[in-house]
1. For the stretch 101-172, which fully contained helices (runs of 4 or more DSSP H) count at least 1 residues that are touching a residue at least 40 places away in the same chain (Cβ under 8 Å), touching a strand residue (DSSP E or B) at 6+ places or on another chain (Cβ under 7 Å) and more than 23 Å from TRP62 (Cβ to Cβ)?
2. Keeping to the stretch 41-84, report how many residues are part of a loop (DSSP other than H, G, I, E, B), touching a helix residue (DSSP H, G or I) at 6+ places or on another chain (Cβ under 7 Å) and modelled with pLDDT under 95.
Amino acid sequence: MPRIADIEDTPNPNAVKFVLKDRLSWGRAFSFDSAESAASDPLASKLFEIPHVVNVYYMDKWITVTQDGEADWPKLVREIAMPIREAEAALKPEHEIVSNFDDDDPRLAAIRKLLDEQVRPALLSDGGDLQIVGLEGNVLSIRYFGACGSCPSSLAGTLSAIGNLARTIEPDIEVEVV
């Protein structure tokens, strides 16, 4: 049963990050964007039973919950805290976020290394993350998770920063969110 150490605001006004004293997972990230996708995950399922919850993302010692923007955060945080405190550690690999990249492509490997070193740590600290979906020609496709999924900052500023970093590897790279 995880204990909540802290509750942090994120740059996304519709997402809150719960920092835990105990691990939910060990290096695996779990992302759910609907009750249907969370059906086999007891914690995420319980969180989606709470009105206004639209996304659940957790990894190691934190969980980010995103609401639809219609709920009062102080009340919603109290409701969300109950299932978190009752949760058991989860290690179901069918929900693990995996990257679909070809390490044989030196451009993609270099871009991934840059993002892992310079972008992902900040996203993780804000209760989100990103996944490289692929590189087709000169189009780098990424997917945001957690607080980053609907955050205005990630959809504008962070995306621009990712593009700038990618262009240090390949000047013609364009970045798209899928």
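The values are calculated or read from the model by the stated rules, or taken from the named source; none is laboratory data. All figures in this text were calculated on a predicted structure; none of them were measured in a lab. Every residue, glycine among them, receives a Cβ derived from its backbone with ideal geometry; neighbour counts consider all protein chains shown.
1. 106-118, 159-169
2. So the answer is 1.
Conditions (1) assigned by TED's automatic domain parsing to the domain that holds CYS151; (2) over 15 Å from the mean Cα position of the chain (by Cα); (3) free of Cβ contacts under 8 Å to residues at least 60 places away in the same chain, marked per residue:
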| position | (1), (2), (3) |
| --- | --- |
| ASN12 | no, no, no |
| ARG23 | no, yes, no |
| SER40 | no, yes, yes |
| LYS46 | no, yes, yes |
| GLU49 | no, yes, yes |
| GLU70 | no, yes, yes |
